[in-house]
Amino acid sequence: FEMSGRISSSVSQLTEEKLKLLDAIERLQELEQQQKQFIGNISHELKTPLTSILAYADLLDLYRDDPELLEEARTRIRKEAQRLYGLVEKALQLSSMDIYEFETHAESIELKPILEEATARLQAKAEQNNITIQSNLTDGKVWADADNLMHMMLNLLDNGIKYNKPGGTVTLTNEVQDQQGVDRMVIRVSDTGIGIPDHARERLFDPFYTVSSDRSRVYGGTGLGLSLVRSLAEKQHGSVHLTETGSGGSTFIITLPMDRPRPEEIRSAEESP
Ligand code: ADP
């Protein structure tokens, strides 16, 4: 009896190990698939602006005697090159994140100066687009990596300016909120722009997702910004959500820990989808 008991417990242990292994294989296959898709997407995205640049470079000769056409070709080349630059930069950030030693960089930092610096950096762009950036900031510390946080803020504010209407505003605020007994810092970026349709909510933070290709052609987007913001927020044991949207504009909310997260908070942040 003892013998058969031992055998059956070894068998069930083996079955359990086998299931774990199968799970791991499945996960690896999924990751491989995602990686292939990422490379496919990025190659496609790189090709589009490059094709334009090459075409306009050829036209420069043809337009030599027409200053107006020449200027238009130059503007388009510059615009496509900028788009290419932004795309490469974001792709590099995304691909380096997995190996990024996040924990060693997180520390207790004052939030307000970072938010002020982010708005200052985008002030010129806002003015060019006839957009006003308003901010109402309060003091307080967060447990985060200053560079990561700056990237997140620049991306959200930049979207608020880019997908806005002339004469519109982008509003930046922050406040401390008690969330289930723990104080968290909530940062809100609101705009009076074109809004995000309901059907886009679910995939909005996926890499390369853009609401419609028409839109990104007009606004020059790559669909990488929000996926970067989400990855960075999660790496800092925080989160990012879209709250309100519609024709009146969009509001994104970032939540961050105010202090070094306790082990149980890290676990529950990792478990949440
Ligand atoms: P992109 O580089 O295209 O801006 P993002 O990942 O930052 O990529 O955004 C994904 C899509 O979400 C964009 O293509 C845009 O259509 C939409 N979007 C993002 N932010 C806003 C916003 N503040 N208002 C309206 N639409 C937005």
Qualifying residue in the stretch 215-232 (condition: more than 25 Å from residue 165 (Cβ to Cβ) and at pLDDT below 85)
no
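Would you call residue 168 within 11 Å of the ligand (Cβ to nearest atom), modelled with pLDDT of 95 or more and over 27 Å from residue 144 (Cα atoms)?
Criteria met by residue 168.
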Residues that are surrounded by 15 or more Cβ atoms within 10 Å (Cβ to Cβ): list the strands (runs of 3 or more DSSP E) wholly contained in the stretch 57-157 that include at least 2 such residues.
132-136, 141-144
Which ones in the stretch 172-190 are free of Cβ contacts under 8 Å to residues at least 60 places away in the same chain, within 17 Å of residue 244 (Cβ to Cβ) and either within 12 Å of the ligand (Cβ to nearest atom) or of a type in the set (Asp, Glu) (or both)?
175
Out of contact with any strand residue (DSSP E or B) (no Cβ under 6 Å at 6 or more places or on another chain) and either more than 14 Å from residue 153 (Cα to Cα) or modelled with pLDDT of 90 or more (or both): which single residue out of 244, 270 fits that description?
270
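Within the stretch 247-267, restricting attention to residues that are touching a Gly at 6+ places or on another chain (Cβ under 7 Å) and modelled with pLDDT under 90, which residue is surrounded by the most Cβ atoms within 10 Å (Cβ to Cβ)? Show your work before the answer.
Initial filter on the stretch 247-267 (touching a Gly at 6+ places or on another chain (Cβ under 7 Å)): 247-250, 254-258.
Okay, now just the ones that are also modelled with pLDDT under 90, so 247-248.
Numbers: 247: 8, 248: 13.
Selected residue: 248.
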From 90, 112, 141, residue being at pLDDT 90 or above, touching a Gly at 6+ places or on another chain (Cβ under 9 Å) and of a type outside the set (A, V, I, L, M):
112
Which pairs do you get when a residue that is among the charged types (D, E, K, R), found in the stretch 156-170, comes within reach of a residue that is more than 9 Å from the ligand (Cβ to nearest atom) and not in a helix (DSSP H, G or I), reach meaning Cβ atoms under 8 angstrom, with the pair 6+ apart or on two chains?
162/129; 165/192
Sort out which residues of the stretch 190-216 are in contact with a strand residue (DSSP E or B) (Cβ under 7 Å, 6 or more places away or on another chain) and under 23 Å from residue 89 (Cα atoms), and write them in order of number.
204
Quick check on my filter: what residues within the stretch 148-165 are within 15 Å of the ligand (Cβ to nearest atom) and within 24 Å of residue 235 (Cβ to Cβ)?
151, 152, 153, 154, 155, 156, 157, 158, 159, 160
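The values are calculated or read from the model by the stated rules, or taken from the named source; none is laboratory data. Source: prediction; values computed, not measured. Quick reminder, even Gly has a Cβ in these numbers, built from the backbone with ideal geometry, and neighbours come from all protein chains shown.
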